[in-house]
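Q: Have a look at this one before I ask anything.
The values are calculated or read from the model by the stated rules, or taken from the named source; none is laboratory data. Nothing here was measured: the structure is a model prediction, and the numbers come from that model. Cβ placement follows ideal geometry from the backbone for every residue including glycine, while neighbour counts extend to all protein chains displayed. Keep in mind that these areas ignore ligands, DNA and RNA; they rest on the heavy atoms of the full protein, side chains included. Shrake-Rupley method; radii C 1.70, N 1.55, O 1.52, S 1.80 Å.
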Amino acid sequence: TCKADLEKDIKRHGGKFCQNPQSTTKYILAGPVSFRIKNQIQRGEHDVVHHSWLADCIAAGRLLALELKHIIHLREDTRRDLEERMDKYGDTYAEES
């Protein structure tokens with residue numbers, strides 16, 4: 001999946017994207033962890049999720065809760081929230097299995 005395809009998918013499904021994360025940015029989508037993504041992780045201001053989360057949301061026809069397989073980096077408050085919604089097997093209580 002290339003960046004241009006991700007941008008098209010985001011727009012097609014009513015989302016917004018930006019080149020430089022802002023305070024309103026919900027997630028940074030990433031594939032391989034590049035130098036730029038490493039810098040964003042070090043800042044710790046945004047959650048970084050694998051672009052497969054977007055594909056899974058599109059396939060499901062709705063926004064999905066994050067699962068362990070989607071996570072590259074989480075802010076501490078997001079991590080605590082996710083841990084509260086997760087059982088000992090790593091499944092989220094928000095999603096039906």
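Q: Mind checking which of Thr78, Thr24, Ala55 is farthest towards the positive end of the chain's charge dipole, using Cβ charges of +1 (Lys, Arg) and -1 (Asp, Glu) about the Cα centre?
A: Value computed over the given set: Thr24.
Q: Add +1 for every Lys or Arg and -1 for every Asp or Glu among the other residues with Cβ under 14 Å from the Cβ of Ala4, and state the total. Present the calculation step by step, with values, prior to reporting the outcome.
A: Numbers: positive: Lys3, Lys8, Lys11, Arg12; negative: Asp5, Glu7, Asp9.
Taking every Cβ under 14 Å from that of Ala4, the sum is +1.
Q: What number comes out for accessible area per residue over the chain if the probe is 1.4 Å? Units Å², please. Walk me through the numbers on the way to the answer.
A: Working: 6950 Å² over 97 residues.
With all protein chains present, the chain gives 72 Å² per residue.
Q: Rounded to a whole number, what % of the accessible area of the chain do carbon and sulfur atoms account for, probe 1.4 Å? List each step's numbers first, then the result.
A: Working: 3410 of 6950 Å².
That share works out to 49 percent.
Q: With charges only on Cβ, +1 for K and R and -1 for D and E, what is the dipole size of the chain about its Cα centre, in debye, rounded to 20?
A: On the way: 16 positive and 16 negative charges, 112 e Å.
Charge dipole of the chain: 540 debye, to the nearest 20.
Q: Considering the Cα positions of the chain, please state its Rg to one decimal place and its Dmax as a whole number of Å.
A: Final numbers for Rg and Dmax: 13.5, 37 Å.
Q: Among all lysine pairs in the chain that are eight or more places apart or on different chains, how many have alpha carbons less than 22 angstrom apart?
A: 13
Q: Still on this structure: For the stretch 1-54, give the magnitude of the charge dipole about the Cα centre (Cβ charges: +1 Lys/Arg, -1 Asp/Glu; no others), in debye to the nearest 20. Kindly include the intermediate steps, with their values, before the conclusion.
A: Values: 9 positive and 5 negative charges, 23 e Å.
Roughly 100 debye for the stretch 1-54.
Q: What figure in square angstrom, to the nearest 10, would you give for the accessible area of Glu7 with a 1.4 Å probe?
A: 40 Å²
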